[in-house]
Amino acid sequence: MFSPFLEIDTDALLHNFNKVRELAPNSKVLAMVKANAYGHGSVVVAETLKDADAFGVARVDEALQLRRAGIKQPIVLMGGLFFKEDLDLVEEFDLDILVHDFFQIEMIQNRQRPYRFRVWMKINTGLNRLGFDPEHAERAYRMLNACPNVVQPMVVMSHFVAPERQDHTITQRQALTFHELTQGWDNPKSLAKSAAIIDWPDTHLDWVRPGIMLYGMSPFANKTGQDLGLEPVMTLKTLLVRVDNRHQGDNLGYGATWSCPQDMPIGVIAMGYADGYPCFLPQGAPVLVGGVQCQIIGRVCMDLMLVDLRQAPGAKAGDEVVLWGRGLPVEKVARAAQTIPYTLTTGVTSRVKRYLVKDKHTPQEYARLI
Ligand SMILES: *Cc1c(COP(=O)(O)O)cnc(C)c1O
């Protein structure tokens, strides 16, 4: 059976990175590469973004993977640390740590070995997830400032709740809280993720933290990356492996959730939920077959799914299928699956092979490569 594959377009990635630079020319860029760079491959992404000032990951293992691949820029552990033993790894691999709780300050204070940690201090301004609450921020700040084991000045930051919304009330309140707390602090500051980089220049400050826009996707529900002048970095492809003419009334797939309204051509696509394609599609989902937009029908299976080929009557086994990416915005598939594009790109599973677009081959050659 043919295996689906991902094409990763590093030129598109650079284009999107330059867009960040254009939008925030006076800010340093912490490129977010957590979750394997939103499913794009964190090593390839970090190697491509030579001009990024730093990289952001969620977990220690993600940072080690980048260091072992030879990435030299600062790497910030955005999830913070939980065990004091992890400080050994931070030291060995020269990582920056986000500090969001008092137990972490204690871990750093109690460190016996002489080492100075680079710290990003996180303040909770309304997301209510990680970070020092406003009433504790001043105390945390003073403790970290006075700690001989911390490099000064540290970066102070907060994370937005909903900068992608038209209604800016929450964002305004968060930015105000942050400015009030930190106005006397002579530290580099950071607030903006993608939506705020695009929509909120006031919040760019010293460091911006783009994630989704680097990969060419839109943080806004009513726009695609293309609408924002971004280019998709990931294109998920496979092949049509079979075409049949089915009859009116024929049921298709598990659960018999779909039946043919007329005699019609039906395609079988080598892609399933075990590859990371969303299983539940209340109204089907768009897909490109040989460049023509068609509709996924019936229930997505583990390794296969079915497509209505009435729009592409000439389609035949071996035709290239695009699930999302260039030619078919992932935002549209996300909408059909009632999810957000972040979940689709991060959800592509490891059995899907990754290729750089510049190593371009025909689909049949890909099959050989796999
Ligand atoms: C993931 C993340 C970002 C990037 O968010 P996008 O919406 O993908 O741009 C920025 N900051 C923090 C702390 C994050 O965890």
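The values are calculated or read from the model by the stated rules, or taken from the named source; none is laboratory data. All figures in this text were calculated on a predicted structure; none of them were measured in a lab. Don't worry about glycine lacking a Cβ; one is built from the backbone with ideal geometry, like all the others, and counts go over all protein chains shown. SASA here: full protein model, heavy atoms, side chains in, ligands and nucleic acids out. Shrake-Rupley method; radii C 1.70, N 1.55, O 1.52, S 1.80 Å.
Results for (1) farther than 24 Å from His40 by Cβ; (2) in contact with a Leu (Cβ under 8 Å, 6 or more places away or on another chain), shown as yes or no for each residue.
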position	(1), (2)
Lys50	no, no
Leu64	no, yes
Leu77	no, yes
Ala140	yes, no
*Unmet requirement for Val243, which otherwise passes all of (1) surrounded by 21 or more Cβ atoms within 10 Å (Cβ to Cβ); (2) in a strand (DSSP E or B)*: (1)
*Output the helices (runs of 4 or more DSSP H) that fall wholly within segment 10-116 and possess 1 or more residues being touching a Gly at 6+ places or on another chain (Cβ under 8 Å) and under 25 Å from Lys189 (Cβ atoms), or say none.*
10-23, 34-38, 102-109
*Within segment 126-139, can you find the residues that are within 16 Å of the ligand (Cβ to nearest atom) and either in a helix (DSSP H, G or I) or open to solvent by 10 Å² or more (accessible area, probe 1.4 Å) (or both)?*
Gly126, Leu127, Asn128, Arg129, Leu130, Gly131
*Long-range neighbours under 7 Å by Cβ, at least six apart or interchain, first residue touching a residue at least 24 places away in the same chain (Cβ under 8 Å) and under 17 Å from Ala317 (Cβ atoms) within segment 264-282, second open to solvent by 20 Å² or more (accessible area, probe 1.4 Å) and among the aromatic types (Phe, Trp, Tyr)*: Ala270/Phe2
*Can you tell me which residues in segment 296-326 are over 18 Å from Pro265 (Cα atoms), among the aliphatic types (A, V, I, L, M) and open to solvent by less than 10 Å² (accessible area, probe 1.4 Å)?*
Leu323
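Here's the yes/no breakdown for (1) within 13 Å of the ligand (Cβ to nearest atom); (2) over 16 Å from Thr345 (Cα atoms); (3) surrounded by fewer than 23 Cβ atoms within 10 Å (Cβ to Cβ):
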residue: Asn18; (1), (2), (3): no, yes, yes
residue: Arg21; (1), (2), (3): no, yes, yes
residue: Leu30; (1), (2), (3): yes, yes, no
residue: Tyr38; (1), (2), (3): yes, no, no
residue: Asp53; (1), (2), (3): no, yes, yes
residue: Ala58; (1), (2), (3): yes, yes, yes
*Looking at segment 263-271, is at least one residue surrounded by 24 or more Cβ atoms within 10 Å (Cβ to Cβ) and closer than 30 Å to Ala31 by Cα?*
no
*asked:* Given the options Ile97, Ile123, name the one that is under 20 Å from Ala35 (Cα atoms) and surrounded by 14 or more Cβ atoms within 10 Å (Cβ to Cβ).
replied: Ile97
*When you scan segment 193-234, how many residues do you find that are within 8 Å of the ligand (Cβ to nearest atom) and not in a helix (DSSP H, G or I)?*
5
_Matching residues, segment 96-117, being of a type in the set (S, T, N, Q) and touching a helix residue (DSSP H, G or I) at 6+ places or on another chain (Cβ under 8 Å)_ = Gln109
*Quick one: in segment 146-174, of everything that is within 22 Å of Arg21 (Cα to Cα) and open to solvent by 10 Å² or more (accessible area, probe 1.4 Å), which residue is farthest from the ligand (Cβ to nearest atom)?*
Val155
_Exclusive hit being open to solvent by less than 30 Å² (accessible area, probe 1.4 Å) and more than 30 Å from the chain's Cα centre (by Cα), set Leu252, Leu230_ = Leu252
*For segment 140-176, which residues satisfy the criterion of being in contact with a helix residue (DSSP H, G or I) (Cβ under 8 Å, 6 or more places away or on another chain) and assigned to a helix (DSSP H, G or I)?*
Ala140, Met143, Leu144, Thr171, Ala175
_Subset of segment 73-123 [in contact with a His (Cβ under 9 Å, 6 or more places away or on another chain) and modelled with pLDDT under 95]_ = Gly79, Gly80
